[in-house]
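Have a look at the structure below, then the notes.
The values are calculated or read from the model by the stated rules, or taken from the named source; none is laboratory data. Note that the structure is predicted; figures quoted are calculated from it, not measured. Neighbour counts run over all protein chains shown; Cβ positions are idealised from the backbone, glycine included. Just the protein is used for accessible areas: all its heavy atoms, side chains included, with ligands, DNA and RNA removed. Shrake-Rupley method; radii C 1.70, N 1.55, O 1.52, S 1.80 Å.
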Amino acid sequence: MNATTWKRLYLVVTRLLAPLCAALALLLFYDLAATATETDNARVVATAQRTQRARPVFIIEAKGRYSYREDVSARIFRTIQLGDTLHVSLTPVFTEWKTMEVVRNGTVVAATRGPELSGMGAMGLLLLMGLAAFLPERILFPERLLSAHPRIAVVVIAVPVIDFAAALLGARLVQVWMGHIEKM
């Protein structure tokens, strides 16, 4: 396959996937901005602490309408006891934690924002990078790519990876909505 054919194929594939990236980014941003439309009361059934990259990771498991296995802060982990109730408000699209309150004997003992919200925002910004597929060809494929500005090389490599990840994320989202995969 010569360079011209590869460039054409690259541009066709990335331009086909770019609208999916934009749609998923809009869904993520809507999910972040919208008020919680669903709540769940889950009972804490397990807690665990492990080390990852020489740093402690605190995990709680809870069961309600959905099953949860979430990383939490050390403060929340020390507060939670087995049998506590978690009052969780969920985002409207991806049903991620927007807020969470630890309730013990009818009293709120701790509250926090969802741990994945900042990650959702970052992923939305990355997915918007998929729109770089619509940049003029002279920007994506300068005459001398290796001697061109290093940021251009990053865009050339990152755009198809992000577009492919968006396609996988979109397929998983469809499976969740159709009920083939349970929210975990």
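Residues within the reach of a label modelled at VAL109 (point 7 angstrom out along Cα to beta-carbon, backbone nitrogen below 12 Å), restricted to region 33-72, are 44.
To one decimal place, what orientation-averaged projected area in nm² is obtained for the convex hull of the Cα set of region 88-130? Mind dumping the intermediate values first?
Details: hull surface 13.2 nm².
Directional mean of the projected Cα hull area for region 88-130 stands at 3.3 nm².
Estimated at the nearest 10 Å², the accessible area of THR4 is 70 Å² with a 1.4 Å probe.
I want to verify the translational diffusion coefficient of region 1-59 in µm²/s; compute it with Stokes-Einstein, Rh as the Kirkwood radius over Cα pairs, at 25 °C and 0.890 mPa s. Please list the in-between numbers first.
On the way: Rh = 16.7 Å.
In µm²/s, the coefficient is 147.
Do me a favour and compute the ellipsoid semi-axes for region 1-115 from its Cα gyration tensor, root of five times each eigenvalue, largest one first, whole Å.
Details: eigenvalues 316, 73, 22 Å².
Its equivalent ellipsoid spans semi-axes of 40, 19, 10 Å.
Length available on full extension from ALA122 to LEU82: 0.36 nm per residue minus the Cα-Cα distance, which gives 11.1 nm.
Tell me, what is the FRET efficiency for ARG55 and LEU9 to the nearest 0.05, using R0 = 45 angstrom and their Cβ-Cβ distance as r? Here the calculated transfer efficiency is 0.60.
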